[in-house]
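Novice: The structure's right below; bear with me while I get my questions together.
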Amino acid sequence: MIGEYLENLVNLVDAYYLQIFVNIGIAIILALGLNLVTGVTGQLSLGHAAFMSIGAFTGGILTIKLGMPFSVNLISSGLMAAFFGVLIGFPILRLSGDYLAIATLGFAEILKVILLNLDITNRALGLSVPLPNTPIPLPIYVWLTVLLVIAAMILIQNSRFGRALRAIREDEIAAETMGINTTLYKIQAFAIGAFTAGLGGCLYAHFIAYINPSDFGFSKSVDILNMVVLGGLGSIPGSVLGASLLTAAPEFLRFMERYRMLVYGALLVFLMIFRPNGLLGGVSVRQLVCKALGIKPRPRQSLSTDSNMEGRRVK
Amino acid sequence: MPLLTMERVSVRFGGLVAVNQLDLEVRQGEILALIGPNGAGKSTVFNLITGIYRPTEGTIRFREEMINDKQPHDIAMRGISRTFQTIHLFNELSVFENVLIGAHTQGKSGLFGALGGFLPAKRREERSLASLARECLELVQLDSKTEELAKNLSYGEQRRLEIARALAVKPSLLLLDEPAAGMNPQEKKELMELIRQIQASGISILMVEHDMKFVMGLSDRIVVLDYGAKIAEGLPEEVRFNPAVIEAYLGKGVSGQC
Ligand SMILES: Nc1ncnc2c1ncn2[C@@H]1O[C@H](COP(=O)(O)OP(=O)(O)OP(=O)(O)O)[C@@H](O)[C@H]1O
Ligand SMILES: [Mg+2]
């Protein structure tokens, strides 16, 4: 009944805009996960899309084979991706900087080749994913997930756990000396990033209804990284903005036809020159809002400091 | 019973013996100074105690427990904290957050605690960590700069912030690596006062420092290191006139008042 009502509501929106809207939601989920790993913890990952593919195929196969309720399906996809995150995090998170980036890239490429050769993923033909088993329309599902992920990320960044992650980004030796088990925390951050990418992948698979391992290659990982860097590393509002802009921009540039990607690329370059720390890097959204409303921001001494006021270059 | 005991500890880097058969004891409640010419191996001793380097030989005990093969974070949890010779602050974070991170050892909540951050128990933990951090900042007189980024502090302030951060760990043994380096005479005087205050609060201190006036005025005992080996040990007045110490310093043309 509620499902029907929501369905009608969703049908009011023009299909084209609905699709952009949903793609933005999925991009936000992916960007927020990578932001935790790369922006907050400072571990450059070039293989985020690999975890998305694990979620996409897990979700797709579960729907095809078992027809389980979509919520169970969604969580399983996240957990499966997180499991792989921990599995490869153990050996590679000892590496730092460029080496870590290359290792994540290698993992993603290997995974793609494996998925392209498994029967259960239908090899290079890809998988058609049927409609999910849920009364709630998928667009609403996507945006509920977005809200939950945003809430979780805010809680994480304003906690002892989140501070430890920032400490690791700033100075790993000092972090260890303060009693932070850096290996454990990095693996946890990686697992959360993978989990959210798994969620995004599962939602994507059911929304697009067709998935192929090649959809989750290097360029997809770079797209997500672009969103995080453009928004401002470490900034939650930044990742949301970056994901929204970069998902919507190619659509709004459609009138330029074949010059579209050229203009898109040039815009990226210009933005990074004029705002090297990202659009919202070094901007406190809290303070901006307070200023706009004409109230004096309360100093935030009691609880942890403003984690939104961040954003810096990849080290 | 000594708080920390090193027995015949050596560490080699390739062919270089940076610390050579060192016996060292830090007693409960004392300020022990570790001095010696440049490159003598003093900072290496700190890195051995805090688990950043592993000894090639020998044993390190803290409260009777072997800590040779413990990870740095584990050693911090046991109550040893330190400052660094070259400043290692969390540069892009605020002064307050730097110290809050120091208070990490005093909290428990991890990932799931974070997701339940709105629960009263978690908020209580955050509040107690914050009040610990504020106390530490007051002690080093940085409580008026809590919201500044660590990188924007003056050099002397950064050194004090490192001490505040180390105190937030609630250590029973505090290691200070050249705390007075780069400070002016007034700052040094205040720092001496601060270190005495820390000692009075029951924390034992092992300190590396080149400023001899500072060392002589502050330490209960002194250990002298040269080429990784201990060449003298004793009360300040004993060490000051020890011929081996004078030679180690003068022989290398390093000025000192010993
Ligand atoms: N990780 C390392 N690898 C190789 N050699 C090292 C390493 N750490 C220290 N050393 C060497 O060990 C010796 C002792 O260095 P250490 O930093 O402990 O000296 P120090 O007594 O603290 O000197 P200073 O007063 O200049 O700070 C030096 O010769 C140094 O080059
Ligand atoms: Mg040194």
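Novice: Could you pull out the residue among A:8, A:35 that is surrounded by 24 or more Cβ atoms within 10 Å (Cβ to Cβ) and more than 25 Å from residue A:126 (Cα to Cα)?
Specialist: When all the criteria are applied, what remains is A:35.
Novice: Still on this structure: Of all residues in the range B:100-130, how many are in a helix (DSSP H, G or I), surrounded by fewer than 19 Cβ atoms within 10 Å (Cβ to Cβ) and more than 7 Å from every other protein chain (Cβ to nearest Cβ)?
Specialist: The qualifying residues number 7.
Novice: OK, next. Hey, any hits in the range B:135-146 for a residue that's of a type outside the set (S, T, N, Q), buried (at least 23 other Cβ atoms within 10 Å of the Cβ) and at the interface with another protein chain (Cβ under 7 Å from one of its Cβ atoms)?
Specialist: No, there is no match, as no residue in the range B:135-146 is of a type outside the set (S, T, N, Q), buried (at least 23 other Cβ atoms within 10 Å of the Cβ) and at the interface with another protein chain (Cβ under 7 Å from one of its Cβ atoms).
Novice: Pairs only if they're at least six apart or on different chains, beta carbon under 6 angstrom, first in the range B:22-41 and over 9 Å from residue B:223 (Cβ atoms) and in contact (Cβ under 8 Å) with a residue 60 or more places away in the chain, second away from ligand 1 (no atom under 16 Å from the Cβ) and assigned to a loop (DSSP other than H, G, I, E, B); list them, first residue then second.
Specialist: Listed by first residue and then by second, the contacts come to B:26/B:3; B:27/B:2; B:28/B:3; B:30/B:220; B:31/B:219; B:31/B:220.
Novice: Which residue is farthest from residue A:86 (Cα to Cα), if the candidates are limited to the range A:114-124 and must be in contact (Cβ under 8 Å) with a residue 12 or more places away in the chain and in a helix (DSSP H, G or I)?
Specialist: Here the residue is A:124.
Novice: Could you list all residues from the range A:171-195 that are facing chain B (nearest Cβ under 8 Å), touching a residue at least 60 places away in the same chain (Cβ under 8 Å) and surrounded by fewer than 24 Cβ atoms within 10 Å (Cβ to Cβ)?
Specialist: none
Novice: Among the residues of the range B:72-88 satisfying the criterion of being in a loop (DSSP other than H, G, I, E, B) and more than 7 Å from chain A (Cβ to nearest Cβ), which is surrounded by the fewest Cβ atoms within 10 Å (Cβ to Cβ)?
Specialist: B:86
Novice: Oh, and also: Between B:97, B:65, which is free of Cβ contacts under 8 Å to residues at least 24 places away in the same chain, more than 16 Å from ligand 2 (Cβ to nearest atom) and more than 10 Å from chain A (Cβ to nearest Cβ)?
Specialist: B:65
Novice: Another question, if that's okay. Hey, does the range B:183-198 have a residue that's surrounded by 13 or more Cβ atoms within 10 Å (Cβ to Cβ), away from ligand 1 (no atom under 16 Å from the Cβ), under 22 Å from residue B:49 (Cα atoms) and under 17 Å from the mean Cα position of the chain (by Cα)?
Specialist: Yes, the range B:183-198 contains a residue that is surrounded by 13 or more Cβ atoms within 10 Å (Cβ to Cβ), away from ligand 1 (no atom under 16 Å from the Cβ), under 22 Å from residue B:49 (Cα atoms) and under 17 Å from the mean Cα position of the chain (by Cα).
Novice: Can you name every residue in the range B:147-172 that is away from chain A (no Cβ under 13 Å) and not in a helix (DSSP H, G or I)?
Specialist: Matches in the range B:147-172: B:153, B:154, B:172.
Novice: For the structure I just gave you, tell me whether residue A:168 is more than 9 Å from chain B (Cβ to nearest Cβ), assigned to a helix (DSSP H, G or I) and surrounded by fewer than 22 Cβ atoms within 10 Å (Cβ to Cβ).
Specialist: no
Novice: Would you mind listing the helices (runs of 4 or more DSSP H) fully within the range B:202-251 where at least 2 residues are away from every other protein chain (no Cβ under 14 Å) and within 16 Å of ligand 2 (Cβ to nearest atom)?
Specialist: Where helices (runs of 4 or more DSSP H) fall fully within the range B:202-251 and carry at least 2 residues being away from every other protein chain (no Cβ under 14 Å) and within 16 Å of ligand 2 (Cβ to nearest atom), they are B:212-218, B:243-250.
Novice: Mind listing whichever residues of the range B:89-108 are more than 17 Å from the chain's Cα centre (by Cα) and hydroxyl-bearing (Ser, Thr, Tyr)?
Specialist: Selection gives B:94 alone.
Novice: While we're looking at this one, here's another question. If I ask for residues that are without any contact (Cβ under 8 Å) to a residue 24 or more places away in the chain and outside any strand (DSSP E or B), which ones from the range B:1-21 would you list?
Specialist: Residues satisfying the conditions are B:14, B:15.
Novice: Turning to a different aspect of this structure: What number goes with the only condition from (1) touching a Gly at 6+ places or on another chain (Cβ under 9 Å); (2) surrounded by 15 or more Cβ atoms within 10 Å (Cβ to Cβ) that residue A:286 does not pass?
Specialist: Of everything listed in (1) touching a Gly at 6+ places or on another chain (Cβ under 9 Å); (2) surrounded by 15 or more Cβ atoms within 10 Å (Cβ to Cβ), residue A:286 misses just condition (1).
Novice: I'd like the full set of residues that are touching a helix residue (DSSP H, G or I) at 6+ places or on another chain (Cβ under 9 Å), within 16 Å of ligand 1 (Cβ to nearest atom) and part of a loop (DSSP other than H, G, I, E, B), limited to the range B:26-62.
Specialist: B:36, B:37, B:40, B:50, B:51, B:52, B:53, B:54, B:55
Novice: Within the group B:177, B:143, which residue is more than 30 Å from residue B:45 (Cα to Cα) and not hydroxyl-bearing (Ser, Thr, Tyr)?
Specialist: B:143
Novice: Go over the candidates A:92, A:114 one by one and state the one that is of a type in the set (Val, Ile, Thr), within 24 Å of residue A:170 (Cβ to Cβ) and surrounded by fewer than 24 Cβ atoms within 10 Å (Cβ to Cβ).
Specialist: When all the criteria are applied, what remains is A:92.
Novice: Quick one: how many residues across the range B:21-58 are within 16 Å of ligand 2 (Cβ to nearest atom), within 22 Å of residue B:239 (Cα to Cα) and either within 14 Å of chain A (Cβ to nearest Cβ) or over 13 Å from the mean Cα position of the chain (by Cα) (or both)?
Specialist: Here the count works out to 11.
Only the coordinates and a few stated rules stand behind these numbers; no lab work does. These numbers come from a predicted model, not from an experiment. Cβ: placed from backbone, ideal geometry, glycine included. Neighbour counts: every protein chain shown.
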